[in-house]
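Notes to accompany the following structure.
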Amino acid sequence: MAKFKAYTKDQLLLLPPSLDDFIPESHLARLVDHIVDRLDTSGIEEKYSELGQHTYHPKILIKLLFYGYAVGERSGRMIARRCETDTASMYLAQLYRPDFRTINDFRKNNIQELADCFVFIVRLCKELGLLTIGQINIDSTKIKANAANRRTKSKDDYQRWLDTVNKKINDILTEAEEVDTEEDERYGDTRGDELPDDIATEEKLKEKLEYIHKRFTTTKEKRNLTDPDARFMKGGNGRIDIAYNCQAAVSNEQFIVGSEVITDANDRRALALMVETAEATSGAVITEVTADTGYSSYENDQYLAEKNKIGYIPDQQMTKGTEKQADPYHQDRFTYVKERDEYICPEGHRLRHSKVRRHDTSYRTWRQVIYQGEACPTCSRKSLCTRQRYRSIARDDRKALREQMRERLTSKEGRQKYLKRLTTCEPIFGNLKHNLGYRHFLLRGLEKVKGEFRLMCIGHNLKKMNHLLAATG
């Protein structure tokens, strides 16, 4: 009796194998295949001409990209290689073998259409009951741009660089004039008036330098030559790199329901954008929003109140409890009496309405009421409270909204809702950056980077979706 199964690698198959046998029933590739087959790709298909050689169907390339971003293989070369060695990729590619240029060009030329698929997948998850829309958790992470830090310069630096290039071009042209007599020997059958390679290269550099130089709005601003939209930002590791600020709105089930990329290192002006993006993507109304202190501002408190949304966003002063405990005359130890519109200091003295201060800048307008102490000159504790003659407190009109936010966050229910954010947003960025290795972008320019980040989010959602579907059958 034979001890082993037949060892015949040259044996021909009686019947051809089926692609359906390549992968198990619960494999991620089956979900990708199922979803992409239901996508409307007519917008991409219309870009192709009936002339010339037949190309790969867009849905094949979309499947390969979605699956690649889900498993951490986004390089065109790696995806093309997997079509030769990986059964899941072979299944999605229908045994075709597109080369890496085809994959990269397809992604670059259809990045907006690929990003739009994000909406379809989020709403499909909602219809299947895999996610609930109501509370969203907003967070951000910095991802390095596809550009070198040393290529980032100020407007004056670009002007000096441009002057150097112009001088180099003039030197080359001057040298060319001195050797006019050797033209026939040098150029042979050509006309002799083509630009030499060195001049052509410098001319292209000059055009790019002039283009970026015109985009500066201030002299303090800095722009990168390779990717002018990227900015210097400090990442979570403390390193400052040329990068983008990637925003994500996450459901309690860890699905990304809204994604954006901004060029501001600060998160404050991204809150309203993320709420509206999440609502537009999911087609549902957001009622509760949690975010960290980076999103705290009076403008955001006012926005949430006007839109009838409940916020759980701690302000910077809430995280400085030790400072308030050490200072018995900290502003937060003064009690505001709403009925009399005045403050009471820790010594029991009154601070009355003194004047109104208005601020108007290019991006925000606000109003402050100044309250001033009455008994400060005769108070025995004045030296511990203020160095001025009278202690004063500036109260923003929206201070009441900030106080309501603090009350919510200090309640038992509020603490639970805010802590929920730690188990939703943080694992997602950890998966994208550390497990899948998405620490830098491949594409350049804000619009293309937005599309690539959405591909990352699509990959995450598909993997999460497959996991939940497999667990529930």
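The values are calculated or read from the model by the stated rules, or taken from the named source; none is laboratory data. Just so it is clear, the structure is predicted and the values come from calculations on it, not from any experiment. No Cβ is skipped: glycine too gets one built from the backbone with ideal geometry, and neighbour counts run over all protein chains shown.
A few remarks follow.
- Within the stretch 433-472, considering residues that are in a loop (DSSP other than H, G, I, E, B) and basic (K, R), the one surrounded by the fewest Cβ atoms within 10 Å (Cβ to Cβ): R439
- Selection within the stretch 101-115 - under 28 Å from A284 (Cβ atoms) and exposed (fewer than 15 other Cβ atoms within 10 Å of the Cβ): Q112
- Residue count, the stretch 243-260 (criterion: surrounded by 24 or more Cβ atoms within 10 Å (Cβ to Cβ) and either in contact with a Gly (Cβ under 7 Å, 6 or more places away or on another chain) or of a type outside the set (S, T, N, Q) (or both)): 10
- Exactly one residue out of Q416, Q368, Q388, Q404 is in the same structural domain as Y295 (by TED's automatic domain parsing) and of a type outside the set (A, V, I, L, M), and it is Q416.
- Any hit, the stretch 116-133, residues being touching a helix residue (DSSP H, G or I) at 6+ places or on another chain (Cβ under 8 Å), more than 22 Å from M456 (Cα to Cα) and modelled with pLDDT under 90: no
- Residues in the stretch 441-473 that are β-branched (V, I, T) and either farther than 30 Å from E25 by Cβ or in contact with a Cys (Cβ under 9 Å, 6 or more places away or on another chain) (or both): V449, I458.
- Of the helices (runs of 4 or more DSSP H) entirely within the stretch 20-131, those holding at least 3 residues that are under 25 Å from R444 (Cα atoms) occupy 42-45, 58-71, 76-85, 100-109, 111-127.
- Subset of the stretch 134-163 (residues that are aliphatic (A, V, I, L, M) and at pLDDT below 75): L162
- Long-range neighbours under 7 Å by Cβ, at least six apart or interchain, first residue touching a residue at least 24 places away in the same chain (Cβ under 8 Å) within the stretch 53-72, second assigned to a helix (DSSP H, G or I) and of a type in the set (D, E, K, R): P58/E45; K63/D33; L65/R107; A70/K463
- Test: L92 is under 27 Å from the mean Cα position of the chain (by Cα) and crowded, with 18+ Cβ neighbours inside 10 Å: no
- Failed item in (1) part of a helix (DSSP H, G or I); (2) in contact (Cβ under 8 Å) with a residue 12 or more places away in the chain; (3) not hydrophobic (A, V, I, L, M, F, W, C), with G430 passing the rest: (2)
- Applying the set (1) among the aromatic types (F, W, Y); (2) surrounded by 20 or more Cβ atoms within 10 Å (Cβ to Cβ); (3) more than 26 Å from L455 (Cα to Cα) to F66 leaves exactly one unmet item: (3).
- Some residue of the stretch 235-253 being out of contact with any strand residue (DSSP E or B) (no Cβ under 6 Å at 6 or more places or on another chain), in contact (Cβ under 8 Å) with a residue 40 or more places away in the chain, in the same structural domain as G430 (by TED's automatic domain parsing) and more than 26 Å from N466 (Cβ to Cβ): yes
- Residue in the stretch 302-309 that is touching a strand residue (DSSP E or B) at 6+ places or on another chain (Cβ under 8 Å) and assigned by TED's automatic domain parsing to the domain that holds M456 present: yes
- Boolean, Y312 is buried (at least 22 other Cβ atoms within 10 Å of the Cβ), in contact (Cβ under 8 Å) with a residue 40 or more places away in the chain, out of contact with any Asp or Glu (no Cβ under 6 Å at 6 or more places or on another chain) and more than 26 Å from L131 (Cα to Cα): no
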